[in-house]
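Reviewing the structure listed below.
What follows is calculated from the coordinates using simple rules that are stated; it is not laboratory data. On a predicted model such as this, the values are computed, not experimentally measured, just so you know. A quick note on method: Cβ atoms are made from the backbone with ideal geometry, for glycine too, and the neighbour counts reach across all protein chains shown.
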Amino acid sequence: MGRIRSFSAALLALVCVLICVPSPASANRIERTPQVREIDARIDEARARIDTWNHRVNRWQVRVGKVAVSVERLTALTEARGAQGTTDVLRRSTPRRQILSYRLHRAHRAMRAVLTDPEAANAQQQIQALSAYIVELEGARDQLVRAKRKARHAGDVVPGEPLTYEAWARGFLARVSAPACQENLTIVVTWETAESTEAAFNPLATTHAMDGASDFNSVGVKNYLSLSQGLDAARDTLQGGADSYGYAAILQDLQACASAEMTAMAINASAWCRGCTSGAYITGLLPIVKANYADHAARLISTG
């Protein structure tokens, strides 16, 4: 009986492991790139196969339970007969004891056959192998998600994910060594919205020359070849004109995470687009963007 209980305990532990494996559906849906969806599909397929093998294990458990009940009942009857065997009546019942002993022997043999059933052992091995496979897939999935988050915060292109105003803003802030605080994100998204250009990888409409960049329009706004090149161009424009064009105050405000209003005034006072929008460049648009930040942040920059 100890052997029966140990097998049952092992099965319960295995079932617990399967139940406790995290479901991919519990992960943040925002992270479901094509690569992640492919891994999720493999996990779902493995779980379906586990369910199939679990059905076989469950049938085996039912068989174990039935044989165990038979062994317990016959063991109890045999022991009861043996305890009373000194009476004259039961001494005349030796054939009955022999029959019980024979039936108990058969029950134990049936138990051994069930416990060593190769189909059940194979089912358990398949479940364990599939469970390990799921753990490996989920580890790969987590690595992809972490890499994606890291790329997003670094401003790199994330495969399968559109490049939004906010994503570009994060990359730009990282390039100028400024924190991605909400005030900074708001002012950079406002700046992008003010330009609303279709120039490739160039939402601030800079004219800074870069290798391979082409002209977007007649005033020299550039189409850049990549996100990285566009971010470098925006950074170089501000740093290169820090003194001559009054961009130093913009960089200082961003690096200090100043209020969006203060940074807006610094942009307005610089030579970036002095006098634009009847002198209300950035400052006039900022309240509108703040009131509907999510909509503006989700706009897509042009990638050519």
Cβ-based exposure ranking for Thr197, Thr186, in which fewest neighbours within 10 Å come first: Thr197, Thr186
Ascending count of other beta-carbon atoms within 10 Å, so fewest first, for Asp142, Asp40, Asp211: Asp211, Asp142, Asp40
Cut-off 12 Å between beta-carbons: net charge of the residues surrounding Asp236, Lys and Arg +1, Asp and Glu -1: +2
Residues with amide H under 5 Å from that of Asp215, placed H, sequence gap 5 or more: Asn223
Shape of the range 165-297, Cα gyration tensor, a/c cut at 1.5: rounded
³J(HN,Hα) computed for each position of the range 245-260 - Karplus, 6.51 cos²θ - 1.76 cosθ + 1.60, integer Hz, glycine/proline x: 10, x, 8, 4, 5, 5, 4, 5, 5, 5, 5, 8, 6, 5, 4, 4
Karplus-derived HN-Hα couplings along the range 211-226 (A = 6.51, B = -1.76, C = 1.60, θ = phi - 60°), whole Hz, x at Gly and Pro: 4, x, 6, 10, 7, 8, 9, 6, 8, x, 4, 9, 9, 9, 7, 7
Derived scalar couplings ³J(HN,Hα) [the range 183-190; Karplus, 6.51 cos²θ - 1.76 cosθ + 1.60; whole Hz; x for Gly, Pro]: 4, 5, 4, 5, 6, 5, 4, 4
Residues Arg109, Arg56, sorted so that the one with the fewest Cβ neighbours within 10 Å comes first: Arg109, Arg56
Contour excess over end-to-end distance, with Cα ends at Arg103 and Thr78 and 0.36 nm allotted per residue: 8.0 nm
